Amino acid sequence: MRLFEIVDSVQHILELGTDRETGEISNFTLKRLDEVGLTLDEKLTNTALYLKGVEAERDAVAKAAKELSDRAKIHTRQADRLRKYLADNMERVGHEGLSDPRVKLGWRSSTAVVVDADASLPVELLCVKTAPDKKAIGELLKSGTEVEGCRLETRKNLQVK
């Protein structure tokens with residue numbers, strides 16, 4: 001589906017030159033795009049229109065994924081609640097299992113590690129992840145304080161509207 005009228009040669013090159021598994025566009029494809037018999041402005045315009053279509057599809061897929069993820073969470077909560085209902089009722093009456101041609105219920109033993117919230121563990125039993133606090137580093141750099149191995153970098157970001 002095309003949202004915009006794009007020159008067929010640009011559309012064709014970009015569609016054929018995109019890896020369907022990874023979304024990567026090869027340098028060869030971009031070279032072919034450079035060789036199309038259009039002015040630079042026409043190539044830029046048509047490529048930007050193609051980009052807008054790709055971004056629109058990305059947004060639609062992300063929206064659908066979020067909706068499906070939300071639905072999955074609802075089903076997970078429902079399944080958890082029903083599983084708890086079954087376990088509570090079986091435990092209450094001391095039921096060891098149930099077998100029916102359509103379903104089978106039974107208990108399985110497992111082991112879990114439980115750590116109390118107020119447990120004082122030695123450092124070798126702790127897992128700590130560290131990452132640079134880029135916001136704090138940025139504030140220091142902007143105020144004129146030097147931070148070893150860090151710098152502010154001005155970048156240009158293309159906007160396509």
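The values are calculated or read from the model by the stated rules, or taken from the named source; none is laboratory data. Note that this is a predicted model, so its numbers are computed, not measured. Every residue, glycine as well, gets a Cβ built from its backbone with ideal geometry; the counts of neighbours run over all protein chains shown. Surface accessibility is based on the protein's heavy atoms, side chains included, excluding ligands, DNA and RNA. Shrake-Rupley method; radii C 1.70, N 1.55, O 1.52, S 1.80 Å.
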Mean separation of Cα contacts under 8 Å (6+ apart) over length of the chain, as relative contact order %:
15 percent
With at most 14 neighbouring Cβ atoms within 10 Å, loop chymotrypsin sites (Phe, Trp or Tyr not before Pro) (DSSP) excluded, longest segment of the chain
5-106
Segment Trp107-Asp88, length gained on full extension (0.36 nm per residue, minus Cα span)
5.6 nm
The percentage of the accessible area of the range 1-105 (probe 1.4 Å, all protein chains present) made up of carbon and sulfur atoms, to the nearest whole number, is 56 percent
With every protein chain in place, the accessible area of Asp41 for a 1.4 Å probe, in Å² rounded to the nearest 10, comes to 110 Å²
Give me the 1.4 Å probe accessible area per residue for the chain, excluding ligands and nucleic acids, in Å².
92 Å²
Simple SL model, points at 7 angstrom along Cα→Cβ for Lys52 and Thr130; separation in nm is 4.8 nm
Segment Ala117-Arg81, extension gain: residue separation times 0.36 nm, minus the distance between their alpha carbons:
10.4 nm
Restrict the search to the range 91-161; then list the GluC sites (Glu not before Pro) that DSSP places in a loop and that have at most 15 other Cβ atoms within 10 Å of their Cβ.
Glu96, Glu146, Glu148, Glu153
Distance between the range 76-102 and the range 114-161 - C-alpha centres, whole angstrom:
46 Å
Distance (nanometres) between label positions extended 7 Å along Cα→Cβ at Val36 and Glu139
4.7 nm
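Could you give the dipole magnitude of the chain about its Cα centre, charging the beta-carbon of Lys and Arg +1 and that of Asp and Glu -1, in debye to the nearest 20?
Values: 27 positive and 28 negative charges, 113 e Å.
So the magnitude is around 540 debye.
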